[in-house]
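The values are calculated or read from the model by the stated rules, or taken from the named source; none is laboratory data. Predicted model, so just to flag it, every value in this text is computed and none were measured. Using ideal geometry, Cβ is built from the backbone for each residue, glycine included, and neighbour counts are taken over all protein chains shown.
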Amino acid sequence: MKVLLVDDDPRLREVVGIALDRAGYAVITVADGQAALTHAAREAPDLIVLDVGLPEHDGFEVCRRIRARSDVPILFLTARDDEIDRVLGLELGADDYVTKPFSPRELVARVRAILKRTTGGREAPVLTHGRITLDPAAHSCRVGDGDVALTATEFTLLAQFIEQPNRVRTRVQMIDAIWGANSQVSDRTLDSHLRNLRRKLADAGCADAIETVHGVGMRMGACTT
């Protein structure tokens, strides 16, 4: 697996790069937003670790440009424990975020979790529900005849709903299934992913794809119109 690490702090690049290398990943390191865009296009990494505060183009702009052409998983690094920044990153299509300072072990665990979500279903069967078709092997989503670009987290969320369409899932169950039972992911982070997923499916013609069961949780909608 190939990881593109983007941060303008040489010491952080060194420490995190060593941790990722020891975990078995091939690591490419760059120091600014323009280099990140260049290497993302040229190297086709399996995941990008992306700092928010970068020279040339900041992390948000880099994420926005990458998402216009790729669904590669993106893990944001931010020095600011600011909810607005976290929500903005998730709204732009990031799969997760880590707030500085962090331990290299924590980062590696987050990287593994994201890549497990991305690649863990390679042999899984194609899933269908209403007008939606999910192909885990190709990481593709179609609504009717149109393709819908989903991040790794959005794809995993939708797959969980489709696998058991009549099951009502609580927020805790969704968080545990995606990030792990001991994760510190907040409801707001989950809500950002759900909002993005619902918007994309609605834009593709399935406004009723995910139903809210008030006071309980969510389940798959009919998605037939």
Legend entry - Qualifying strands (runs of 3 or more DSSP E) (wholly inside segment 98-208; at least 3 residues being in contact (Cβ under 8 Å) with a residue 12 or more places away in the chain): 127-129
Legend entry - Evaluation of residue 46 against (1) at pLDDT below 90; (2) among the acidic types (Asp, Glu); (3) farther than 16 Å from residue 90 by Cα (one fails), failing number: (1)
Inset, instruction - Consider residue 221 carefully, then state whether it is exposed (fewer than 14 other Cβ atoms within 10 Å of the Cβ) and within 24 Å of residue 91 (Cβ to Cβ). - result: no
Inset, instruction - Just give me the residues in segment 28-54 being buried (at least 19 other Cβ atoms within 10 Å of the Cβ) and assigned to a helix (DSSP H, G or I), in sequence order. - result: 33, 35, 36, 40
Legend entry - Single residue of segment 3-27 satisfying the filter (part of a helix (DSSP H, G or I) and of a type in the set (Val, Ile, Thr)) that is nearest to residue 72 (Cα to Cα): 16
Legend entry - Check on residue 97, over 17 Å from the mean Cα position of the chain (by Cα) and not acidic (Asp, Glu): no
